[in-house]
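Just below is one structure, and these are the notes that go with it.
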Amino acid sequence: MTKILYTDKLDNCVERWRSAGLSVIGPVRNANITAYRPVGSAADLELSQILPDRSIKELFFPQTEPMMRYSIKKDAINTEECLPPVGPRIIFGARPCDASGLAIDDPLFGWDYKDEYWFNRRNETVIVSIACTKSDEFCMCTSLKLSPDSTKGSDVLLRPLESGKGWQVEELTDRGREAFKAIAELLTEGAEAAAPTAVVAEKFDADACSEWLRNPENFESRFWKEISVRCIGCGSCTYLCPTCHCFDIQDEGDTFTGIRRKNWDSCSFALFTMHTSGHNPRSTQSARWRQRIMHKFNYFPGKFSANSCSGCGRCTRQCPVDMGITETLQEISKLSQ
């Protein structure tokens, strides 16, 4: 027998979690954009969309965030660290590719320095993902050795029922089991069948691409100029990506007081690698696009044994010039043959 959560109990679940002191977050539609936002009831949740427009990343790595306040006096410099707000929360309705993105980035944020901002939020969050029963032409999780029902990064995985009236519940971690204790009496033991997961065709050979990228002879290939000619360097692909993590640190204030702030940055921007001298080692858009692909499928896996991509397809799905990682890796796959 399997634990089942029926949709008509979801509002009660949200109420129970909130009463237990958890903030409840899920995909919410605002005008034409869906993003992970706090919800007050089940009616706020948008669970029918293939994938929210915004990724889960910003809940753990905000687009802008204060790190420190400072004041400079005649005989002293006073500083006050700005720690992230602490509080337990549950994210309901994440997609497996978004949850996987967090697990991919965990080693990076705990590598040579443990980023307390990231891990404080990770340790306070229960992630309840829903297996995908629908996909579109942009989805590519299977090309990254993941799947529409991947458990990577999730604390609980829900499998939609064939009837459409609820989900089978798979509790994956102690954190997930603890959160679902609060709604234990709202779950039903049953044998209702789960709907089949979405079929996502493999679009490229990731191993062959990585091998091609590791070959030093391909670093200066004409391919990079040809594939990137449409790129306008807007950075939307990096901002929408659940695994991109580049940031800049800037001081905002005057001579005597201010805030040191961490802001998202992008390897697609011309100023990203601009030196004080005026020299830019990646002065062309093709060099910047090459860096993005190299980082995700060569440098990152070389250090952390995982591609820096979860296959969500947002980079292509929302690109204003209709290009993205998928097209690039498909072309590299052809070059590898």
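Just so you know, all these numbers are worked out from the coordinates, no wet-lab data involved. Bear in mind the structure is a predicted one, so any value in this text is a computation, not a measurement. Every residue, glycine among them, receives a Cβ derived from its backbone with ideal geometry; neighbour counts consider all protein chains shown.
Brief remarks on what is shown
- Rounded to whole Å, the principal axis extents of the Cα atoms in the range 123-264 read 58, 52, 24, largest first.
- Dipole of the chain, positive direction: furthest Cα of P160, C237, F61, with charges on the beta-carbon: C237
- The range 184-239 and the range 85-113 have their alpha-carbon centroids 18 Å apart.
- Cβ charges +1 (Lys, Arg) and -1 (Asp, Glu), total dipole of the chain, debye: 480 debye
- Relative contact order of the range 85-128: 73 percent, from C-alpha pairs under 8 Å at least 6 residues apart in sequence.
- Cys residues of the chain that find no other Cys beta carbon under 4.7 Å: C13, C82, C132, C139, C141, C209, C231, C234, C246, C267, C309, C319.
- For the range 22-180, the relative contact order comes to 19 percent (Cα pairs under 8 Å, sequence separation of at least 6).
- Using the Karplus relation 6.51 cos²θ - 1.76 cosθ + 1.60 with θ = phi - 60°, the per-residue 3J(HN,Hα) values for the range 131-142 come to 4, 7, 10, 10, 8, 9, 5, 8, 5, 8, 4, 5 Hz, with x marking Gly and Pro.
- Evaluating 6.51 cos²θ - 1.76 cosθ + 1.60 at θ = phi - 60° for every residue in the range 111-124, the Karplus couplings come out as 6, 7, 9, 7, 7, 5, 4, 5, 6, 4, 6, 4, 6, 9 Hz, glycine and proline recorded as x.
- Amide H contacts under 5 Å for M67, placed H, 5+ residues apart: R260, R261, K262
- Amide H contacts under 5 Å for A194, placed H, 5+ residues apart: E162
- Förster-model FRET efficiency, 56 Å R0, T273 and K181, C-beta, rounded to 0.05: 0.70
- If the segment from K114 to D75 were pulled out straight at 0.36 nm per residue, it would be longer than the present Cα-Cα gap by 10.8 nm.
- Positive-end ranking of C312, F269, P38 along the dipole of the chain, with charges on Cβ about the Cα centre, is headed by F269.
- Of the chymotrypsin sites (Phe, Trp or Tyr not before Pro) in the range 48-132, those whose Cβ has at most 16 other Cβ within 10 Å and which sit in DSSP loop: W111, Y113
- Mean separation of Cα contacts under 8 Å, 6 or more apart, over the residue count of the chain: relative contact order %: 21 percent
- Cα gyration tensor shape of the chain, rounded if a/c is under 1.5, else prolate or oblate by comparing a/b with b/c: oblate
- Annotation: the antiparallel percentage among DSSP beta bridges lying fully within the chain is about 75.
- Farthest towards the positive end of the charge dipole of the chain, among the residues A94, Y299, T142, is the Cα of Y299, using unit charges on the Cβ of Lys, Arg, Asp and Glu.
- Ordering of 188-201, 272-285, 151-164 by burial proxy (mean other Cβ atoms within 10 Å per residue, highest first): 151-164, 188-201, 272-285
- Calculated mean residue ellipticity, 222 nm, the chain: -7000 deg cm²/dmol, from DSSP H runs (n ≥ 4) at -39500 (n - 2.57) each, averaged per residue and rounded to 500.
- For chymotrypsin sites (Phe, Trp or Tyr not before Pro), the sites in the range 163-253 that DSSP calls loop and that have at most 14 other Cβ atoms within 10 Å are F219.
- DSSP bridge analysis restricted to the range 2-190 gives an antiparallel fraction near 65%, rounded to the nearest 5.
- Around the amide H of V24, modelled in the peptide plane, lie the amide H atoms of V39, I90, all under 5 Å away and 5 or more residues distant in sequence or on another chain.
- Max mean-square fluctuation residue, GNM over the chain, Cα-Cα springs under 10 Å, options R230, R314, R89: R230
- For the range 246-299, size of Cβ-based charge dipole, Lys and Arg +1, Asp and Glu -1, in debye: 420 debye
- Cα gyration tensor, the range 9-69 - rounded (a/c under 1.5), prolate or oblate: oblate
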